[in-house]
Amino acid sequence: MWPWLAVLILLYLAICAVAWSLEKKLVYFPGPAPSTTPRELGFEQQDVRVRTQDGLQLSAWFLPARAPRFAILVCHGNAGSIQDRIPKAEALLTYGASVLLFDYRGYGASEGDPDEPGTYRDAEAAYDALSALVPTLPIVVYGESLGGAVAIELARHRGVAALLLESTFTSLPDVGACAYPWLPVRWLASLRYDSLAKLPALECPILIAHSRDDEVVPYTQGEALYAAAREPKVFVETHGDHNAGGLLLDPAHEGVLADFLASAARAVR
């Protein structure tokens, strides 16, 4: 019995070691350089080259609204590229928002390789680039999934007018522990993205959207983020799976989103 137990223990430790060594590959799924642009789909578009603090060049698209009341920086999730977020940018334009889409390092046509500190630096550089483009407009930040964690960190260091957080987790280890309950994820993980710990200190208005059908980030994590956030805050229950994008793409939420954005824009004027 003991030899077999030793073999099982060694096998388990080997699996843990492999999971630890592959952590970034299990978290980041960058898409290739875009093959389609908003310009090709009929939108006004300005190509923006964002330079990070550590010298990397990021790819970004600026989509100006005709009569903008505010601007929105989009922090996308852990997979794909800015090309996949064109429908969301189109939706945001209808609210009178100019939009900046950017790719993290290693995503799309952006230089470098992704990691947690790097994604934070990328968002700061993108925010600064957007601020230079629209110096008189308040900037709202939209973050989906991992992008929500990036948006929360950004709001600690920049003057964000409001946050829109969709399908965002409390922390990356919390998500990993749900997906791999048989692994000591919280002990193994070096990538943290600890949104729950950071959120209570933020003073900007926050809208949190989550679906009970989310198969990646449990609905309870969205509820926990909402409970931790300060007022003013709004919770929107969406529908569909993790990547459905219901907050921006489901017409049922247009009213509450329009009211929230209008209120946030008025508050900073």
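Laid out as a table, the results:
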| item | result |
| --- | --- |
| P(r) weight above 14 Å for segment 175-251, C-alpha pairs, percent | 66 |
| Eligible lysines near Lys24 by straight Cα distance, threshold 23 Å, same-chain separation 8 or greater | Lys198 |
| C-alpha long axis of helix 116-133 to longest principal axis of the chain, angle in ° | 0 |
| Charged-residue dipole, Cβ positions (Lys, Arg, Asp, Glu), segment 2-267 about Cα centre, Debye nearest 20 | 480 |
| Residue range of the chain that is longest and free of chymotrypsin sites (Phe, Trp or Tyr not before Pro) which are both DSSP loop and sparsely packed (at most 16 other C-beta within 10 Å) | 44-181 |
| For the chain, alpha-carbon Rg and Dmax in angstrom | 19.2, 74 |
| Computed [θ] at 222 nm, deg cm²/dmol, the chain (DSSP H ≥ 4; -39,500 (n - 2.57); rounded to nearest 500) | -11500 deg cm²/dmol |
| Cα shape, segment 68-108, gyration tensor, a/c 1.5 rule | prolate |
| Cα long-axis angle, helix 2-21 against the chain (0 to 90 degrees, to the nearest 10) | 20 |
| Using alpha-carbon coordinates, inclination of helix 254-267 to the longest axis of the chain, degrees | 70 |
| For segment 222-269, convex hull of alpha carbons as volume per residue, Å³ | 86 |
| Loop-located GluC sites (Glu not before Pro) in segment 127-221, at most 13 other Cβ atoms within 10 Å (DSSP) | Glu203, Glu215 |
| Viscosity 0.890 mPa s, temperature 25 °C, Stokes-Einstein D of segment 86-164 from Kirkwood C-alpha radius, µm²/s | 188 |
| Calculated from backbone phi, Karplus (6.51, -1.76, 1.60) coupling profile of segment 104-114 in Hz, x at Gly/Pro | 4, 3, x, 9, x, 9, 7, 6, x, 10, x |
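Read the figures in this text as sums done on the coordinates, not as results from a lab. Model, not experiment: these values are computed from the prediction. Every residue, glycine among them, receives a Cβ derived from its backbone with ideal geometry; neighbour counts consider all protein chains shown.
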